[in-house]
Amino acid sequence: MAVRLRPLDQQVVVLTGASSGIGLSTARLAARRGARLVLAARNEAALRQLCDELNAGGERRAVAVAADVAREEDVARIAETAVAEFGRFDTWVNNAGVSVFGETTQVTIEDFRRVFDVVSWSVVYGCRQAVAHYRSRGDGAGAGGAVVNVGSLFGDRATPLHGPRDMFVGSQAKTTALAGALFPRLVDRYMERHMWPSQMADDRPSQPRETPDSPQPTAALWTAGYGMHVRGSNAGWHRRRSYWVAARTHPVRTVAGTGVAALGLLASRATRR
Ligand SMILES: NC(=O)c1ccc[n+]([C@@H]2O[C@H](COP(=O)([O-])OP(=O)(O)OC[C@H]3O[C@@H](n4cnc5c(N)ncnc54)[C@H](OP(=O)(O)O)[C@@H]3O)[C@@H](O)[C@H]2O)c1
């Protein structure tokens, strides 16, 4: 059954992990395009600052919900707030995430479990809230709604210090899965050449270990992060924008580049025969 979604400027969007990074950028972009927003994360001060920014025009466009998405009851409260404030929601974005860098034998089981609670179980809780709401709504005009699950390349491909993360949702993971199925050795080689060196670089700033009893100010596994920053604190390499956005922005270059790559592949196969 085809689901008809409202245009973005008529939507109420629930967005987890809105206090920094991708979530913060997404909140600003969606607000600029007219969406009303329910913004969730643990850092309440950062969320309030963001709401003040988005509501500056006078209209109540964004509300904040301080919530730990690893707790099912907190996720339920996000949905309840959306309905109480705006009467419904149309899109639910499971974006909140954390990860741990460390060797698999050194990261504690407690931390592994916490990563799973935040990145995997939160997606289950969020999807259940969204589906229950969309089913119950049946309001005719655009009944149903969207769920967007933000995935990661690391859900499918191992890197030396990023083993604890194992989430397999979202379009990025689907793309990786497809590439992994079609060209498994090529994808592994890409990881070894491009990901492993940056993971193993010894100038990579690492945080002291954070525990529930002694949180570190800039870590965010057990307690809220510092909020209101779009880019991370890692001093390493930053991409300015995603490959997908670059490809969409320059379609001619993308088609030409893909053609050249395909021809190169065919030529290398022909010379090997
Ligand atoms: N940046 C990348 O290169 C990249 C690549 C692949 C996938 N991703 C995925 O994209 C998503 C966003 O990443 P990002 O780079 O924007 O990270 P980020 O800047 O660290 O933001 C993470 C967000 O999640 C929130 N969060 C973390 N734990 C939470 C919890 N228990 N409950 C509620 N909110 C929580 C954080 O807010 P509080 O600390 O205030 O709770 C923050 O708003 C993540 O799922 C990440 O895995 C990112």
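The values are calculated or read from the model by the stated rules, or taken from the named source; none is laboratory data. In this text the structure is predicted, and so the values were computed from the model without any measurement. Here Cβ is always computed from backbone atoms with ideal geometry, including for glycine, and neighbour counts include all displayed protein chains.
Data table
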quantity	calculated
Residue selected from the stretch 67-115 under the condition small (Gly, Ala, Ser) and modelled with pLDDT under 95, by the criterion nearest to the ligand (Cβ to nearest atom)	97
Residue that is nearest to the ligand (Cβ to nearest atom), among those in the stretch 1-36 that are β-branched (Val, Ile, Thr) and not in a helix (DSSP H, G or I)	16
Residue pairs meeting the criteria (Cβ under 6 Å; at least 6 apart or on separate chains; first at positive phi, in the stretch 7-21; second polar (S, T, N, Q) and within 16 Å of the ligand (Cβ to nearest atom))	17/95
Selection status of residue 39, in a helix (DSSP H, G or I), modelled with pLDDT of 95 or more and within 13 Å of the ligand (Cβ to nearest atom)	no
The listed residue being crowded, with 23+ Cβ neighbours inside 10 Å and either assigned to a helix (DSSP H, G or I) or away from the ligand (no atom under 15 Å from the Cβ) (or both), out of 64, 46, 56	46
Whichever residue in the stretch 129-158 is assigned to a loop (DSSP other than H, G, I, E, B) and either under 19 Å from the mean Cα position of the chain (by Cα) or within 16 Å of the ligand (Cβ to nearest atom) (or both) and, among such residues, is modelled with the highest pLDDT	145
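Residues checked against (1) within 14 Å of the ligand (Cβ to nearest atom); (2) modelled with pLDDT of 75 or more; (3) closer than 20 Å to residue 103 by Cβ:
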residue	(1), (2), (3)
163	no, no, yes
183	no, yes, no
210	yes, yes, yes
261	no, yes, no
